[in-house]
Amino acid sequence: MGSLDEGHLCVEFDNGIEKDPETIAIEDAVKVLLQGLGEDVNREGLVKTPLRVAKALREGTRGYKQKVKDIVQGALFPEVGVHDGVGHAGGVGGLVIVRDLDLFSYCESCLLPFQFKCHVGYVPSGQRVVGLSKLSRVADVFAKRLQDPQRLADEICSALHHGIKPAGVAVMLECLHIHFPNVESVFLDSKHQGWVKVLVSSGSGVFGNENADAWVDFLGLLKFRGVTVEKILSKDSTKQSWCPSHSSPMAKIPPELVAANPEMVAAVASILGSLGEDPSRKELVETPGHFVRWLMNFQNTKLEMKLNGFACGITDLLKPNGEVGSLNNKHMHSELNLSFWSQCEHHLLPFYGVVHIGYFCPKGFNHIGKSLLQSIVHFYGFKLQVQERLTRQIAETVSSILGGDIMVVVEANHTCMISRGIEKFGSNTATIAVLGQFATDPAARAMFLESIPDGTASQIS
């Protein structure tokens, strides 16, 4: 498998939809990755995954085929400045800033999506202004490429400066990169930080000097968003600390990992080429290895078999006479905000959040330890998953240990909701599984739901 010859014009169809050679090549590469994880590419949940992944990647990198000139051209409008006296306004010297543009891009170091809030401003000159929507569209052109934050800010700034020829352009990005733990470290680090956050800026013209007066006005209009000059990272520090694949203790790619999975590494390199990138570019040389190392967290292994040792004896403890006893002799217990990390099997994109578990146990018995429940959550999280199945598996496993009266609520943020065409930033998904008394007792369900704090799904960040 590799990139297709330039002269290859084969076009395939899927349910009547035409597929170009690049999409076909990415599909083939994704099948290699799934097989490397020990998965059956023909099982129901994965049959369309290669096409879904290909479409998401092509959509998420469409910026390579877009030109700023096509966006800005025809969107410049005449606007006079101050008629009399000294001042700056309108089309001559009046600062214009568009704030809080929610966008996403793909990290060039690990191929995981990252989201960012973009603030972009310019000082008009020549008695003309640009349509405000074009500032967002230009930013999105460069976001839809493989990026790092500082280069992204620089490219947006440079493109706007050359496209609208203002007195100056200022760009500030608040970036969030998911910091996904590996399957070994997550059991050892209960305080894992789920995000890497950076704030970067770029300026041209009157914003070319970071100490220029123009920045005072720009930052003054952002202070209500909690943005201050002290939080802005230097270009050098951004390079050093941005992607967890470089900055975490596990950043160095084990040679044995690459040696053991050459087909998977080659498949990722093929994907880069199919997206229009050069896999030999220095910033991308290690990207295939980084992505494969991360993906191997979800290798199809029988992690649930490790629960056998936990289950032995616990059920007997809760049922000393072989019976749980009447419902009136049981108390409700709960464990809230158990963090989890998983991988959507439909798009090969991460989803993450918290799990809440409620259960009844007999009076006089101590409730089960949080560490066991957290282990169960991780065991089922580190797989190719869907949230509904994850919720059910956790409920059934806890039920087999504690008895049948179990309720599980999973709250999750799905990367596929922001890094595909829908781009629904801030959305959250909740799923519920109820067994035993919880299935028949609305009051018990209500009591447990009342115990869940507001906004718990975002606490992992």
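Filtering the stretch 361-389 to residues that are at pLDDT 85 or above and either outside any helix (DSSP H, G or I) or of a type in the set (Asp, Glu) (or both) leaves 382, 383, 384, 385, 386, 388. Taken over the stretch 199-224, the criterion of being closer than 15 Å to residue 98 by Cα and of a type in the set (D, E, K, R) is satisfied by 217, 223.
Set side by side, the residues 154, 140 differ, and just one is within 22 Å of residue 196 (Cα to Cα), of a type in the set (D, E, K, R), open to solvent by 30 Å² or more (accessible area, probe 1.4 Å) and not assigned by TED's automatic domain parsing to the domain that holds residue 281, which is 154.
Under the condition of being out of contact with any Leu (no Cβ under 7 Å at 6 or more places or on another chain) and not hydrophobic (A, V, I, L, M, F, W, C), which residue from the stretch 118-137 is most open to solvent (accessible area, probe 1.4 Å)? That would be 137.
Regarding residue 75, is this residue in the same structural domain as residue 140 (by TED's automatic domain parsing) and in contact with a helix residue (DSSP H, G or I) (Cβ under 6 Å, 6 or more places away or on another chain)?
Details: in the same structural domain as residue 140 (by TED's automatic domain parsing): yes; in contact with a helix residue (DSSP H, G or I) (Cβ under 6 Å, 6 or more places away or on another chain): yes.
Judged against the criteria, residue 75 is a match.
Kindly provide the set of residues from the stretch 373-421 that are among the polar types (S, T, N, Q), touching a His at 6+ places or on another chain (Cβ under 9 Å) and open to solvent by 20 Å² or more (accessible area, probe 1.4 Å), ordered by number. Answer for the stretch 373-421, where residues must be among the polar types (S, T, N, Q), touching a His at 6+ places or on another chain (Cβ under 9 Å) and open to solvent by 20 Å² or more (accessible area, probe 1.4 Å): there is none.
Got at least one residue in the stretch 246-264 being open to solvent by 50 Å² or more (accessible area, probe 1.4 Å) and at pLDDT 90 or above? It would help to see each step written out before you state the result.
Initial filter on the stretch 246-264 (open to solvent by 50 Å² or more (accessible area, probe 1.4 Å)): 246-247, 249-250, 252, 255-256, 258-260, 262-263.
From the residues that got through so far, the ones that are at pLDDT 90 or above too are 262-263.
Yes, the stretch 246-264 contains at least one residue that is open to solvent by 50 Å² or more (accessible area, probe 1.4 Å) and at pLDDT 90 or above.
For residue 23, the conditions (1) closer than 17 Å to residue 145 by Cα; (2) assigned by TED's automatic domain parsing to the domain that holds residue 173 all hold with the exception of (2).
So residue 276 clears everything in (1) over 26 Å from residue 179 (Cα atoms); (2) modelled with pLDDT under 95; (3) open to solvent by less than 20 Å² (accessible area, probe 1.4 Å); (4) not assigned by TED's automatic domain parsing to the domain that holds residue 453 except one condition, right? Which one? Unmet for residue 276, out of (1) over 26 Å from residue 179 (Cα atoms); (2) modelled with pLDDT under 95; (3) open to solvent by less than 20 Å² (accessible area, probe 1.4 Å); (4) not assigned by TED's automatic domain parsing to the domain that holds residue 453: (3).
The values are calculated or read from the model by the stated rules, or taken from the named source; none is laboratory data. What you see is a predicted model; the values in this text were computed from it and never measured. All Cβ positions, even for glycine, are placed from backbone atoms using ideal geometry, and neighbour counts span all protein chains on display. Accessible surface is based on the protein model in full, side chains and every heavy atom, while ligands, DNA and RNA are left aside. Shrake-Rupley method; radii C 1.70, N 1.55, O 1.52, S 1.80 Å.
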